[in-house]
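Okay, structure first, notes after.
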Amino acid sequence: MLDYDREASRYDDTRGGVPRAIAAAAAVDRLLPAGTSVVLDLAGGTGIVSEQLAGPSRALVVLDRSHGMLRRAVERLPGRGVQADAARLPLADGCVDAVAMVWLLHLVDHPEQVLAEAVRVLTPGGTLVTTVDKRAAHGHPVDEHAGDSRPRVEATLRALGAEPAGSTTFAGVGQQGEPVYSLVAFRCGEGR
């Protein structure tokens, strides 16, 4: 696995930089309901996508396990960083309107636990947005057992009481081959 602390200083430059972040943030934004005011960027890395999602009426919190990545994130969004593991969020139940997870689930051993934690911290009616099937974006066959396999993610979220709320794609601008990434959104039930 990549040493994200060591990679933090050059991470964005080697992965499409600001153009890719703008494309990713615009795609996430398309899936968020109007009026979404508090967004948790789970495993938000350097905060490059969060910076693009933030706005006058939207607060972003970047959570990442890597100290090096989070240090870069708080340079972009001062006071908005939390160092923690995505599978054990140090946040209260129902405290955020949305959770964004861009390029996370393919990296974790227990994606169901990460998804359960994300759903736990959402307000009733809150929205979870995540990338799925990263391998397919790069021209590889979909791995049905991968942590970010769309069927696996959808089945887990439905079991957690969330319902589909849309999907979209975005180009990996600035990346070799310009992969096309897929995002899905789920809304948590009001009565959970």
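Where a number appears in this text, it was derived from the coordinates with a stated rule and is not lab data. What you see is a predicted model, and the numbers here were worked out from it, not measured in a lab. Cβ atoms come from the backbone with ideal geometry, glycine included; neighbour counts cover every protein chain shown.
What FRET efficiency would be calculated for the residue pair HIS145, ARG58, taking the C-beta separation as r and a Förster radius of 41 Å, to the nearest 0.05?
Step by step, r from the Cβ atoms, then E = 0.70.
Nearest 20 debye, what's the magnitude of the dipole of segment 4-188 about its Cα centre given +1 on Lys and Arg Cβ and -1 on Asp and Glu Cβ?
240 debye
What is the distance, in nm, between label points placed 7 Å from the Cα along the Cα-to-Cβ direction at SER167 and at HIS110?
Inter-label distance under the simple model: 2.8 nm.
Which length gain, in nm to one decimal place, applies between VAL18 and LEU91 when the Cα-Cα distance is subtracted from 0.36 nm times their residue separation?
Taking VAL18 through LEU91 to full extension adds about 23.4 nm, to one decimal.
Restricting to the chain, what percent of DSSP beta bridges are antiparallel, rounded to 5?
Looking only at bridges with both residues in the chain, the antiparallel portion is about 50 percent.
For labels at VAL74 and THR123 in the simple 7 Å Cα→Cβ model, what's the distance in nm?
2.6 nm
Along the charge dipole of the chain, Cβ charges K/R +1 and D/E -1, which of LEU91, LEU53, LEU157 sits furthest on the positive end?
LEU53
Would you mind calculating the gained length between HIS138 and ALA34 on full extension (0.36 nm times residue separation, minus the Cα-Cα distance), in nm to one decimal?
Extra length available between HIS138 and ALA34 comes to 34.3 nm.
Given a 10 angstrom Cα cut-off, can you work out which residue in HIS106, HIS138, HIS67 is the most mobile in a GNM of the chain?
Per the Cα network of the chain with a 10 Å cutoff, HIS138 tops the list.
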